[in-house]
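Chemist: Below is the structure I would like to discuss, written out as structure tokens.
The values are calculated or read from the model by the stated rules, or taken from the named source; none is laboratory data. The structure displayed is predicted, hence computed values, not measured ones. Because the Cβ atoms are built from the backbone with ideal geometry, glycine has one as well, and the counts that use them run over all protein chains shown. Protein only, heavy atoms only, side chains kept; ligands, DNA and RNA dropped before computing areas. Shrake-Rupley method; radii C 1.70, N 1.55, O 1.52, S 1.80 Å.
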Amino acid sequence: MIAPEDLRYHASADGDLAYRDTGSGDLVVLLHSGFVDHRLYDAQVPVLAERYRVIVPDVRGHGLSANATKPFRWADDLAGLLRDLDAGPAVLVGVSMGGGIATDTVLEYPELVRGVVACGAATSDFRYTDPWYEEIQAEYARTLAAGDLDGWLAAFLRVAHGPHRDAGDIDPDIGRRLREMALHTMGKHRPGEPDFHVPMADTWTRVPKIDVPVLAVNGSLEPDDLKSAAERLVRAVPDGRSVTVDGAGHYVNLERPAQFEAVLLDFLRTLGRP
């Protein structure tokens with residue numbers, strides 16, 4: 001994995017955390033989904049950097065960031081980075097797991113956040129109930145236990161096309177990019193290593209206290225339970241909005257980059273200056 005020229009490192013209490021830092025202006029932070037890294041946003045970074053300062057972390061345990069050696073929360077890691085940058089408050093944009101990190105962070109550190117965009121996400125408490133995803137979770141467990149990385153990757157890539165399409169229905173380059181990033185992150189870990197991540201609990205009960213604008217972006221081909229959870233999120237906050245991108249699945253920014261960027265830029269314009 002070749003590091004971009006604008007890669008920086010934040011010295012956390014448990015190892016160095018990598019992040020891209022480019023552009024200038026109001027702060028926008030792009031948070032990637034699980035198992036991948038900052039490269040998820042390669043198309044969006046130059047577009048946003050024309051108007052904003054763009055930070056793209058590799059969250060702990062992913063990409064070029066350190067693995068955990070003790071209990072941690074991703075929201076705490078992000079808060080430490082934002083305080084170190086002293087450039088906020090920030091608009092947090094997250095895909096999937098990254099969207100959960102964004103909502104966790106605004107709940108725990110509201111002073112650091114001025115807007116949230118959750119893409120294919122709700123809160124970190126969200127759990128799929130769709131049998132399609134339960135099957136994927138079972139495949140994750142089975143393949144990891146058997147040391148079957150190819151089988152695990154096949155299950156991981158099913159998330160990209162979702163329950164309403166086959167693998168051949170999406171651009172093969174998307175699968176290639178996701179596979180490359182996932183292989184790098186999985187290569188950082190060993191079978192049976194401790195999971196030090198501490199999940200946040202009771203996030204749904206706290207969501208109504210979020211007092212910044214929240215935008216949910218979902219592909220029309222996402223599982224119904226995820227789309228319902230995203231709508232629940234935006235209904236629960238004082239200023240919630242939602243956009244559905246037709247014909248896209250979980251990775252809207254990869255499948256429909258121009259539409260995703262237009263939606264994001266429009267949301268950012270509505271926020272004005274911090």
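Chemist: Kindly indicate whether L226 is in a helix (DSSP H, G or I), modelled with pLDDT under 95 and of a type outside the set (G, A, S).
Modeler: yes
Chemist: Sticking with this one: Can you tell me which residue within the range 40-75, out of those that are acidic (D, E) and surrounded by fewer than 19 Cβ atoms within 10 Å (Cβ to Cβ), is nearest to L107 (Cα to Cα)?
Modeler: This residue is D42.
Chemist: Now for a separate question. When residues of the range 76-90 are filtered for being buried (at least 18 other Cβ atoms within 10 Å of the Cβ) and at positive phi, how many remain?
Modeler: The number of residues fulfilling the criteria is 0.
Chemist: State all residues of the range 20-39 that are in contact with a helix residue (DSSP H, G or I) (Cβ under 7 Å, 6 or more places away or on another chain) and open to solvent by less than 10 Å² (accessible area, probe 1.4 Å); if no residue qualifies, say none.
Modeler: V28, L30, L31, H32, S33, V36, D37
Chemist: Report the residue count in the range 124-144 for those that are open to solvent by 10 Å² or more (accessible area, probe 1.4 Å), touching a Phe, Trp or Tyr at 6+ places or on another chain (Cβ under 9 Å) and hydroxyl-bearing (S, T, Y).
Modeler: Summing the residues that are open to solvent by 10 Å² or more (accessible area, probe 1.4 Å), touching a Phe, Trp or Tyr at 6+ places or on another chain (Cβ under 9 Å) and hydroxyl-bearing (S, T, Y) in the range 124-144 gives 2.
Chemist: Let me ask another. Could you please find all residues in the range 104-123 being more than 19 Å from Y251 (Cβ to Cβ) and touching a Leu at 6+ places or on another chain (Cβ under 9 Å)?
Modeler: D104, T105, V106, Y109, L112, V113, R114, G115, T123
Chemist: Looking only at the range 252-274, filter to residues that are out of contact with any Pro (no Cβ under 8 Å at 6 or more places or on another chain) and open to solvent by less than 10 Å² (accessible area, probe 1.4 Å); which one of those is farthest from T129 (Cα to Cα)?
Modeler: Filtering first and then ranking leaves L268.
Chemist: Looking only at helices (runs of 4 or more DSSP H) that fall completely inside the range 86-187, which ones have 3 or more residues that are over 24 Å from G219 (Cα atoms)?
Modeler: Once the helices (runs of 4 or more DSSP H) in the range 86-187 are filtered for at least 3 residues that are over 24 Å from G219 (Cα atoms), what remains is 131-146, 149-161, 172-186.
Chemist: List pairs: first in the range 217-240 and under 25 Å from D166 (Cβ atoms), second open to solvent by 30 Å² or more (accessible area, probe 1.4 Å) and among the polar types (S, T, N, Q), Cβ under 6 Å, 6+ apart or cross-chain?
Modeler: N218/T244; S220/T244; D225/T129
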